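A short write-up of the structure that comes next.
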Amino acid sequence: MNILQLTRTAMYPPQNGAEVRLWNTAQKMTEFGDLWVAAPPSSEQPSNDIEWIDLTSPLFTRQPIWNELWTGLFLFSERHPLRKLLTRSLVRTVNSLGISFDVIVCEFPQVTDAAVQLSAEHDAVMLLNKHNAEHTILDGYLQERGVPDLLRRRTVENFYSFEKQAISAADITVFQSKDDQARFEETPGTETFVIPNGCDFQWIRDGGNPAQAARECGIDENVFTCVFLGSYDYAPNRRAATVISEEIAPEFDDVTFLLIGRNPPSTSASNVYTPGYVDELPGALQLADIALCPLFSGSGTKLKMLDYLAAGLPTITTPVGAQGLTVEDGKDVLIYEDAHGFVRGIEQLRSSNELRHRLAAAGPEIASNHSWDSLMDQYDRVFELITGDQDT
């Protein structure tokens, strides 16, 4: 079986939640057949069973084009011209290989049209991996930017319609949470599965090297520390970083706030550190005393939450951050709606050893049920359906 996975971002080496998910999915796909991955070129490519198809067009290598411009044009039309340009470029690149594919795996909205066209041309099964309910993220972002309601609603409605059409076009859709599945439950024409996000549980539990992580992050390992993980080219993570830097950190002069992840924002706060991507993630989590997840938009299960819980970190989150997880406020995590709540939560955890220990003990048990190996095995059911359809 020939499988083609389409993505608008490189996945190796994985440096954020989406890339970790992509990489684990790709590795799993190699169990079902020969895998080709069409993606922008990355700094390195592993020697394994994957064939790489480099998407070198600026349409895929320049984020302002495939992200801000591509999304913004939904204000004017659901069928805007940039969709056609991306599709034409990707389809031409794939078809130049002269390979017939049996399964087309679509990972992001920007490659959806190409997945639909290639599935039709190759008489292939289309598998849509739905990472998020993207229209909800877009709605939150436009509200934060103060876009007038009329323009915001038109853009979001057009994008929501586009998402529903993509699900209808797919033969199988894999959601990352039951909440996201429910948002599209009335969309016809597809078989659906829910396969949530996971974590490298044992790697995190092993604890890494905190002293090395402290040097990498440039912080004193003996100072009380709050940590946030995220790739900051993702709007909800950027907002979270701003909330931490401008609304939470100023309330705690004697606490270090560590913002780990790619493309960190600049900050003038003396107690906020932005080391960027950190290789020694388990050690960095061991350095921390509290984990923060002040996300106010987004969908799906958050990988950062699973990493926090696996590390046994007392965690403060929003309802959005807790989506997709069976956690209870006050028992497993602390849940607050705004920055003032996070300030109260930090104060609670600093003053109560009993509360810190109780939340720390609850986390690993929850995270242990979300190991990548066990979750990726759920794709066995997906491909049983696919091979049954194809009689291969």
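The values are calculated or read from the model by the stated rules, or taken from the named source; none is laboratory data. In this text the structure is predicted, and so the values were computed from the model without any measurement. As a convention, Cβ positions derive from the backbone with ideal geometry for all residues, glycine included, and neighbour counts pool all protein chains shown.
Filtering Leu55, Leu73 for residues that are in contact with a Leu (Cβ under 6 Å, 6 or more places away or on another chain), crowded, with 17+ Cβ neighbours inside 10 Å and over 29 Å from Arg381 (Cβ atoms) leaves a single hit, Leu73. Is it true that some residue in segment 223-231 is over 25 Å from Thr71 (Cα atoms), part of a loop (DSSP other than H, G, I, E, B), more than 21 Å from the chain's Cα centre (by Cα) and polar (S, T, N, Q)? Taking every residue of segment 223-231 in turn, none turns out to be over 25 Å from Thr71 (Cα atoms), part of a loop (DSSP other than H, G, I, E, B), more than 21 Å from the chain's Cα centre (by Cα) and polar (S, T, N, Q). A count restricted to segment 106-141 and to residues that are touching a residue at least 60 places away in the same chain (Cβ under 8 Å), farther than 22 Å from Asp179 by Cα and in a strand (DSSP E or B) stands at 1.
One line per residue, one yes/no per condition, for (1) part of a loop (DSSP other than H, G, I, E, B); (2) surrounded by fewer than 16 Cβ atoms within 10 Å (Cβ to Cβ); (3) assigned by TED's automatic domain parsing to the domain that holds Phe383:
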{"site": "Pro41", "(1), (2), (3)": "yes, yes, yes"}
{"site": "Glu51", "(1), (2), (3)": "no, yes, yes"}
{"site": "Leu59", "(1), (2), (3)": "no, no, yes"}
{"site": "Glu68", "(1), (2), (3)": "no, yes, yes"}
{"site": "Thr93", "(1), (2), (3)": "no, no, yes"}
{"site": "Phe101", "(1), (2), (3)": "yes, no, yes"}
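Give me the residue from segment 313-324 that is surrounded by fewer than 24 Cβ atoms within 10 Å (Cβ to Cβ) and within 15 Å of the chain's Cα centre (by Cα) and, out of that set, nearest to Gly140 (Cα to Cα). Out of the qualifying residues, it is Val320. Filtered by the rule that a residue be in a loop (DSSP other than H, G, I, E, B), hydroxyl-bearing (Ser, Thr, Tyr) and over 29 Å from Asp179 (Cα atoms), segment 268-301 gives Ser268, Ser270, Tyr277. Residues considered: Ala182, Ala214. Of these, the only one that is over 18 Å from the mean Cα position of the chain (by Cα) and within 30 Å of Asp253 (Cα to Cα) is Ala214.
Of all residues in segment 302-312, those that are surrounded by 24 or more Cβ atoms within 10 Å (Cβ to Cβ) and either on the phi > 0 side of the Ramachandran plot or part of a loop (DSSP other than H, G, I, E, B) (or both) total 2. One residue alone among Thr225, Thr173 is of a type outside the set (A, V, I, L, M), modelled with pLDDT of 95 or more and not assigned by TED's automatic domain parsing to the domain that holds Phe101, and that residue is Thr225. Quick one: would you say Pro188 is closer than 30 Å to His135 by Cβ, modelled with pLDDT under 95 and either part of a helix (DSSP H, G or I) or of a type in the set (S, T, N, Q) (or both)? No, not satisfied.
State which residue is surrounded by the fewest Cβ atoms within 10 Å (Cβ to Cβ) when the search covers only segment 198-241 and only residues that are closer than 24 Å to Ser368 by Cβ and of a type in the set (A, V, I, L, M). Within segment 198-241, the match that is surrounded by the fewest Cβ atoms within 10 Å (Cβ to Cβ) is Ile204. Right, Lys28: in a helix (DSSP H, G or I), surrounded by fewer than 17 Cβ atoms within 10 Å (Cβ to Cβ) and either out of contact with any Lys or Arg (no Cβ under 6 Å at 6 or more places or on another chain) or not assigned by TED's automatic domain parsing to the domain that holds Val156 (or both) or not? For Lys28, the condition - in a helix (DSSP H, G or I), surrounded by fewer than 17 Cβ atoms within 10 Å (Cβ to Cβ) and either out of contact with any Lys or Arg (no Cβ under 6 Å at 6 or more places or on another chain) or not assigned by TED's automatic domain parsing to the domain that holds Val156 (or both) - is not met. Do we have any residue at all in segment 275-293 that's without any contact (Cβ under 8 Å) to a residue 60 or more places away in the chain, crowded, with 20+ Cβ neighbours inside 10 Å and either out of contact with any strand residue (DSSP E or B) (no Cβ under 9 Å at 6 or more places or on another chain) or hydrophobic (A, V, I, L, M, F, W, C) (or both)? Checking segment 275-293: not a single residue is without any contact (Cβ under 8 Å) to a residue 60 or more places away in the chain, crowded, with 20+ Cβ neighbours inside 10 Å and either out of contact with any strand residue (DSSP E or B) (no Cβ under 9 Å at 6 or more places or on another chain) or hydrophobic (A, V, I, L, M, F, W, C) (or both). Considering the conditions (1) touching a Cys at 6+ places or on another chain (Cβ under 8 Å); (2) within 30 Å of Asp149 (Cα to Cα); (3) not charged (D, E, K, R), Leu128 is excluded by exactly one of them, (2).
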